[in-house]
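The values are calculated or read from the model by the stated rules, or taken from the named source; none is laboratory data. Since we're looking at a predicted model, the values are computed, not measured. When we count neighbours, we look across all protein chains shown, and the Cβ atoms used for this are built from the backbone with ideal geometry, even at glycine. Ligands, DNA and RNA are stripped out before the accessible areas are found, and what is left, the full protein with its side chains, is counted by its heavy atoms. Shrake-Rupley method; radii C 1.70, N 1.55, O 1.52, S 1.80 Å.
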Amino acid sequence: MPEATEPATHVFIVGLPRTGSTLTHRILNRSPQARLAGETHFLGTRRRLGGRKGYRDRFLAAGNLRTDNGLERVVDAIYASRGKSFWSRFAATVDRGAFTNLLRQGERSDRGLFDAAMRAFAQGRPVAGDKSPEHIHAVPQLLAWFPGARVVHTFRDPRAIYVSLRRKEREERLSLAGRIARRAGPLFELYATTGLAMRWRQMARLHRQYAAHYPDHYLLQRFEDMLADPEATAQRLCRFIGIEYDPSMLDQTVHNSSYAPKQSGAGIDRSAAERWREHLPGLTERWLWRLCSADMAAFGYER
């Protein structure tokens, strides 16, 4: 594993949902040296197969950052954010004047806007960044924008991801095809598992690509390793980023289990690594294994 010769400027946590990104985010944000934003969705998702625009597109459509009037319109758009997004919480907690000054003094571009938001959220801590899982597809752009950054790719057994996603999903969030297939029972299982397998295998391919191209700036972090030995995994993470490890980073860290009430207790739920075995139908397990077995074996996942 690469060790930082100097601290990272930014950290980006990426990967599929339900792979431990929230746990990693909470651990790092307990360090006095780092404060990462939540899911900014700044760059959006890939446009194919139902991708959505990022907040970058929404905000920059409001005005041209290179002019003072345009900059004010962009700030207006950010501070008009509503709902439960990161940006609505940002607008409620970050002083508008201070943020506007950061924008004026910085690079008036989409990169500058993103950096100013992360720096404002970091509240003076030297390591800024965010946790937006879909930014896994934008790693080359992120590292081009921020050469001193580190990328942490959270990873997990696809069978465990599937079980966790099924517990968390809501039918109204599915695509039309997904809702129709879901009513078909076994056909929905085939549709959902095949879709997840394709996405997971893509994550495996991206891992190999990023590990080869960015060996000093990219780290794969298996969820199972964090559960098995939280201290060793957190120490490894800190060495990679270039910040000091402190045991308190693991104190009162709540594992966001899909099989327990939210914020249900302190500590890391180590049993979550193999809990999928209690809830995944045998036929579904065999199909996921058939689709992913070669890559699963390479990452240490067994039947």
Original post:
Do any residues in the stretch 118-132 that are open to solvent by 10 Å² or more (accessible area, probe 1.4 Å) have Cβ atoms under 7 Å from those of residues that are in a helix (DSSP H, G or I) and of a type in the set (A, V, I, L, M), where the two are at least six apart or on different chains, and which pairs are they?
Top reply: Arg119/Leu102; Ala120/Ala98; Ala120/Leu102
Original post:
What is the residue count in the stretch 261-274 for residues that are more than 30 Å from His217 (Cβ to Cβ) and either at pLDDT 60 or above or in contact with a helix residue (DSSP H, G or I) (Cβ under 9 Å, 6 or more places away or on another chain) (or both)?
Top reply: 5
Subject >> So Leu143, is it under 18 Å from the mean Cα position of the chain (by Cα), modelled with pLDDT under 90 and assigned to a helix (DSSP H, G or I) >> reply: no
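In this structure, does Thr22 turn out to be under 30 Å from Asp229 (Cα atoms), among the hydroxyl-bearing types (Ser, Thr, Tyr) and open to solvent by 10 Å² or more (accessible area, probe 1.4 Å)?
Values: under 30 Å from Asp229 (Cα atoms): yes; among the hydroxyl-bearing types (Ser, Thr, Tyr): yes; open to solvent by 10 Å² or more (accessible area, probe 1.4 Å): yes.
Yes; evaluated as a whole, the condition is true for this residue.
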**OP:** State all residues of the stretch 196-233 that are of a type in the set (Asp, Glu) and assigned to a strand (DSSP E or B); if no residue qualifies, say none.
**Re:** none
Original post:
Within the stretch 34-54, is there a residue that is part of a helix (DSSP H, G or I), of a type in the set (Ser, Thr, Tyr) and either more than 21 Å from the chain's Cα centre (by Cα) or crowded, with 16+ Cβ neighbours inside 10 Å (or both)?
Top reply: no
Subject >> Every residue from the stretch 284-301 that is open to solvent by less than 50 Å² (accessible area, probe 1.4 Å) and assigned to a helix (DSSP H, G or I) >> reply: Thr284, Glu285, Leu288, Leu291, Cys292, Ser293, Asp295, Met296
Original post:
Name the residues in the stretch 1-42 that are modelled with pLDDT under 95 and of a type in the set (A, V, I, L, M, F, W, C), would you?
Top reply: Met1, Ala4, Leu23
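Conditions tested, residue by residue: (1) among the aliphatic types (A, V, I, L, M); (2) at pLDDT 95 or above.
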position: Val151; (1), (2): yes, yes
position: Asp157; (1), (2): no, yes
position: Glu171; (1), (2): no, no
position: Ile180; (1), (2): yes, no
position: Gly185; (1), (2): no, no
position: Thr193; (1), (2): no, no
position: Arg208; (1), (2): no, yes
position: Thr233; (1), (2): no, yes
position: Phe240; (1), (2): no, yes
Original post:
Has the stretch 79-94 got any residue that is buried (at least 17 other Cβ atoms within 10 Å of the Cβ), small (Gly, Ala, Ser) and modelled with pLDDT of 95 or more?
Top reply: yes
Subject >> Inter-residue pairs, beta-carbon under 9 Å, first closer than 21 Å to Met203 by Cα and free of Cβ contacts under 8 Å to residues at least 12 places away in the same chain and in the stretch 222-236, second assigned to a helix (DSSP H, G or I) and small (Gly, Ala, Ser), 6+ apart >> reply: Asp225/Ala232
**OP:** Given the conditions (1) touching a Ser or Thr at 6+ places or on another chain (Cβ under 8 Å); (2) farther than 25 Å from Gly20 by Cα; (3) open to solvent by 10 Å² or more (accessible area, probe 1.4 Å), report the number of the one that Leu71 does not fulfil.
**Re:** (3)
Original post:
Do we have any residue at all in the stretch 94-105 that's touching a Gly at 6+ places or on another chain (Cβ under 6 Å), farther than 17 Å from Phe42 by Cβ and part of a loop (DSSP other than H, G, I, E, B)?
Top reply: no
